[in-house]
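Have a look at the structure below before the remarks.
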Amino acid sequence: MAGNKRKRKTAPCTEEAEIECILDERGADNGNGKKKKRKQAHEYLCAWTDGQEPQWVAAKYLTGTPVLEEWENQEEEEPEIFDPTAVLAEKCHSLAQLIQNAKRTSILLGAGISAPILPTFRGKHGLWTKGAHHNKKANAKVSDGLQPTLAHEGLVALEKAGFLYHVATQNYDDLSSRSKFPAHKLSELHGNIFTETCDDCHKVFHRDFEVPKDDSVDHETGRHCEDCGGILRDSIVHFEENLPERALTTAMNKFAESDLTIVLGSSLKVEPAASLPFRGRKRTRSNRVYRDVSACIVNLQPTGYDSQADLIIHGTCDQVIDAVAKELLGSNWR
């Protein structure tokens, strides 16, 4: 990390060490214009690459460093909300009834469905938050042998029983595919870290290892098509890149045709995926019959679309899908 080296005081001398990351901040100007009698120095708690105990470092010594820029770009953590047990059970029953009565149910998946085994981005200790250093799952990878979650399994069971119309996922972790959810009913909006596609013949290769390269140019994976020799590229969608047209178009159509949409574990901050479940929220007229669309959000934090949902459940995806599956499929659904 060039530019992150700072003097660290150790007895009996002062040595130079490199900062790995910032863990905390104190003494920052709160912006209210009020002066304190004793102003606390603006400092950052820094972790060191050599594993020594974290120390507070004056802010002036970190100005312009990559480590400070990274800290400032991280988001503040939003507290998680958990519905009381009785309330959660009642809401899960309501969701089960909605699914049972719906003709077409479509679901949008966020990182929360994989949270039991993988780190989230904006959840508690999410990778994009200032509490990321507390995340014990930060380095977890599906390629290490991790299996789909209970909620993934529940969606497969519900689909087999005829309750699900379509699933769109914002996750590139491949867990929906590994759970054996039908490919023709699945839209991977942000790609799949285990697939690479040929430029020339467009054949898709599904690997048992992560295909992107850290130094990749234009998504090239460094491999070539086993059939025609064409260049292979990964499918991961980065910020400011367009979503895959086919996956997005399919998802838009499926959600527009649905009379029940469900969000599972998403903060709904990334468009255009975030608005998919609410495309049909207004009454639409078809063959002189008004169709009303219901929407449910399952997430542990508030979202910007809460006001458009008929039902908001603050519980984990595993809790909710397990409860719904037990009601619709029986207690031994697994």
Run Leu155 past the list (1) more than 16 Å from Leu264 (Cα to Cα); (2) assigned to a helix (DSSP H, G or I) and report the number of the one that doesn't hold.
(1)
Only one residue in Ser179, Ser187 is open to solvent by less than 40 Å² (accessible area, probe 1.4 Å) and more than 20 Å from Arg246 (Cα to Cα), so which one is that?
Ser179
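For region 192-202, which residues satisfy the criterion of being closer than 17 Å to Glu245 by Cα and out of contact with any strand residue (DSSP E or B) (no Cβ under 7 Å at 6 or more places or on another chain)?
Filtering region 192-202 down to residues closer than 17 Å to Glu245 by Cα leaves 192, 195-199, 202.
Listed by number, the residues that qualify are Asn192, His202.
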What pairs can you find where one residue is in region 314-325 and in contact (Cβ under 8 Å) with a residue 60 or more places away in the chain and closer than 14 Å to Ile107 by Cα, the other is surrounded by 19 or more Cβ atoms within 10 Å (Cβ to Cβ) and among the polar types (S, T, N, Q), and their Cβ atoms are less than 8 Å apart, with a gap of 6+ or different chains?
Cys317/Thr149
Can you name the strands (runs of 3 or more DSSP E) wholly within region 1-81 that have at least 2 residues being modelled with pLDDT of 55 or more and on the phi < 0 side of the Ramachandran plot?
13-26, 43-48, 55-58
Is it the case that Ser307 is hydroxyl-bearing (Ser, Thr, Tyr), surrounded by fewer than 19 Cβ atoms within 10 Å (Cβ to Cβ) and assigned to a helix (DSSP H, G or I)?
yes
Limited to region 82-98, what total is found for residues that are open to solvent by 10 Å² or more (accessible area, probe 1.4 Å) and assigned to a helix (DSSP H, G or I)?
11
Of a type in the set (Asp, Glu) and at pLDDT below 95 - does that describe any residue in region 263-283?
yes
The one condition in (1) of a type in the set (Gly, Ala, Ser); (2) under 18 Å from Ala274 (Cα atoms); (3) assigned to a loop (DSSP other than H, G, I, E, B) that Ala251 fails to fulfil
(3)
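Name the strands (runs of 3 or more DSSP E) wholly inside region 176-243 in which the number of residues that are among the polar types (S, T, N, Q) is 1 or more. Working first, answer last.
On the way: elements: 186-188, 195-198, 204-206, 220-224, 231-234.
Passing ranges, in order: 186-188, 195-198, 220-224.
Restricting attention to region 275-289, does a residue exist that is touching a His at 6+ places or on another chain (Cβ under 7 Å) and open to solvent by less than 40 Å² (accessible area, probe 1.4 Å)?
Applying the first criterion (touching a His at 6+ places or on another chain (Cβ under 7 Å)) to region 275-289 yields none.
No: region 275-289 contains no residue that is touching a His at 6+ places or on another chain (Cβ under 7 Å) and open to solvent by less than 40 Å² (accessible area, probe 1.4 Å).
The values are calculated or read from the model by the stated rules, or taken from the named source; none is laboratory data. Keep in mind that this is a model prediction, so the values were computed, not measured. All Cβ positions, glycine included, derive from the backbone under ideal geometry; neighbour counts span all protein chains shown. For accessibility, only protein heavy atoms count, side chains too; no ligands or nucleic acids. Shrake-Rupley method; radii C 1.70, N 1.55, O 1.52, S 1.80 Å.
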